[in-house]
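Peer 1: Right, I'll just put the structure down here and ask away after.
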Amino acid sequence: MQFLNCELVRRFEAAEAIPQVHFAKHLERVKPDLKVAYEVIGGAHTVFIHPGCVVGRCVGLGLNGTVSAADLDRVEQFYISRGESPQVDVVPVADQSLFELMKQRPYRFEELNNVLVRPLSKLETLASRDVNAEIRRSSPEECEALCEVVARAFLEGKDPDPQFVDVFRPLYGMEGAFSFAAYVDGKMVGGASGMLIPEAGIAAFFGSSTLPEYRGSGIQGAFLRERLKLAAEAGCEYAVIVTRGGSTSQRNCERAGFRVAYSKPVMKMHLSV
């Protein structure tokens, strides 16, 4: 892979920034009462869904040069005015000014994620493996069932709260998204989604999980192969996935040819310390 610089990292960070924006735009249409918000501040995509939502951070800050105190003030006010603590993804190649500003303010480490990247080629032939499941592109009519299954899978088979299911619906309905479902004996047992981001030349993969009793049978690997094939045929140069370090997801991705490009912390501002 090429040497990491701001231009390349901006493209990879689009894998989180652009889906967040589309997520917000989708909810803006179907749930206007939520009053979601999205804004570009200092070149970074800043998104708010609702307080406590797992989607909605500032992504890309410091990748367009110097970050001013006024830039960070705007990011913080964007969230604080909506009752949320500011959260900022910080990448290793961000301008040093961002690090210096955050040292002066009450930010704390919230989580650490790995950005995994895989180059793509239309000429590549992906090795197929026997999987005891049918993997097929899902239809809009399957969206509700797919959201329920994926939400239950993320909760290790427990019945999901309706609000948790709501988190997944935009992933399968927002503009530019695509999804796959896995079936065993006619039963839907897992799902996976992604988004083509042609302006960055990448495909972002996310929202993938399998019910616990069907894991270990190669379904996640099959989801990766189908999405890689789709992305390559669409002309994407890279596929990008963001995972927790050392997770099963990371292991599955590395088996499919992904490699860690860099790690990045999510820094959260604590309003009372």
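The values are calculated or read from the model by the stated rules, or taken from the named source; none is laboratory data. Every value quoted in this text rests on a predicted model; they were computed, and no experiment measured them. Here the Cβ positions follow ideal geometry from the backbone for every residue, glycine too, while neighbour counts run over all protein chains shown. The area values use the complete protein model at the heavy-atom level, side chains included, leaving out ligands, DNA and RNA. Shrake-Rupley method; radii C 1.70, N 1.55, O 1.52, S 1.80 Å.
Peer 1: Using each residue's phi in region 193-199, evaluate 6.51 cos²θ - 1.76 cosθ + 1.60 at θ = phi - 60° and report the 3J(HN,Hα) Karplus result to the nearest Hz, with x for Gly and Pro.
Peer 2: After applying 6.51 cos²θ - 1.76 cosθ + 1.60, I find 9, x, 8, 7, 10, x, 5 Hz.
Peer 1: Here's something else I'd like to know. Using a probe of 1.4 angstrom, how much of the accessible area of region 114-273 is carbon and sulfur, in percent?
Peer 2: Working: 3740 of 7730 Å².
Percent of accessible area from carbon and sulfur atoms in region 114-273: 48.
Peer 1: Let me ask something additional. Kyte-Doolittle cut-off 0.5, length cut-off 15 Å along the helix's own axis using Cα: show which whole DSSP H helices in the chain pass. If you can, show how the numbers build up before the last one.
Peer 2: Working: long enough: 6-30 (35 Å, -0.12); 69-80 (16 Å, -0.08); 143-154 (16 Å, 1.16); 162-173 (17 Å, 0.12); 219-233 (21 Å, 0.02).
Helix filter hits for the chain: 143-154.
Peer 1: Over region 1-78, what relative contact order in percent results from Cα pairs under 8 Å that are six or more residues apart? Walk me through the intermediate numbers first.
Peer 2: Details: 89 pairs, mean separation 20.3, N = 78.
Once divided by the residue count of region 1-78, the mean separation gives 26 percent.
Peer 1: Note the full-extension length gain between residue 82 and residue 29 as 0.36 nm times their separation in residues minus their Cα-Cα distance, in nm to one decimal. Please report the intermediate quantities before stating the final value.
Peer 2: Values: separation 53, 0.36 × 53 = 19.08 nm, distance 1.93 nm.
Between residue 82 and residue 29, full extension yields an extra 17.1 nm.
Peer 1: Further question: Exactly which GluC sites (Glu not before Pro) in region 112-152 are in a DSSP loop and have at most 15 other Cβ atoms within 10 Å?
Peer 2: On the way: sites: 124, 134, 141, 142, 144, 148; in loops: 124.
Filter output for region 112-152: 124.
Peer 1: Inverting the mean 1/r over all pairs of different Cα atoms, compute the Kirkwood radius of region 170-237 and quote it in Å. Show your work: numbers first, answer last.
Peer 2: Working: mean 1/r = 0.0798 Å⁻¹.
In region 170-237 this quantity evaluates to 12.5 Å.
Peer 1: How do the peptides 189-197, 53-61 rank, highest first, by the average count of neighbouring beta carbon atoms within 10 Å per residue?
Peer 2: Details: 189-197: 25.0, 53-61: 22.0.
The densest-packed peptide leads the list: 189-197, 53-61.
Peer 1: Can you tell me which lysines have their Cα less than 25 Å from the Cα of residue 187? Leave out same-chain residues fewer than eight positions away.
Peer 2: Straight-distance partners of residue 187: 158, 229.
Peer 1: Here's something else I'd like to know. For region 128-273, what class follows from the C-alpha gyration tensor (a ≥ b ≥ c being the square roots of its eigenvalues): rounded when a/c is under 1.5, otherwise prolate if a/b is larger than b/c, else oblate? Show your work: numbers first, answer last.
Peer 2: Details: a/c = 1.38, a/b = 1.10, b/c = 1.25.
Because its axes are fairly even, with a/c under 1.5, region 128-273 counts as rounded.
Peer 1: Here's something else I'd like to know. Could you give P(r) for region 31-74, binned at 10 Å from zero, as whole percent values over all Cα-Cα pairs?
Peer 2: 28, 46, 23, 3
Peer 1: Please compute the per residue accessible area over the chain with all protein chains in place, 1.4 Å probe, rounded to a whole number of Å².
Peer 2: Values: 13020 Å² over 273 residues.
That works out to 48 Å² per residue.
Peer 1: Work through the residues other than residue 107 whose Cβ is under 15 Å from its Cβ and net out their charges, Lys, Arg +1 and Asp, Glu -1.
Peer 2: Working: positive: 57, 103, 105, 108, 264, 268; negative: 71, 73, 76, 84, 89, 100, 110, 111.
So the surrounding residues net to -2.
Peer 1: Is it possible to state the helix-based mean residue ellipticity at 222 nm for the chain, with each DSSP H run of 4+ residues giving -39500 (n - 2.57), the sum divided by total residues, to the nearest 500 deg cm²/dmol? What is it? Intermediate results must be reported in sequence, preceding the final value.
Peer 2: On the way: 7 runs with 92 residues, N = 273.
Taken over the chain, the calculation gives -10500 deg cm²/dmol.
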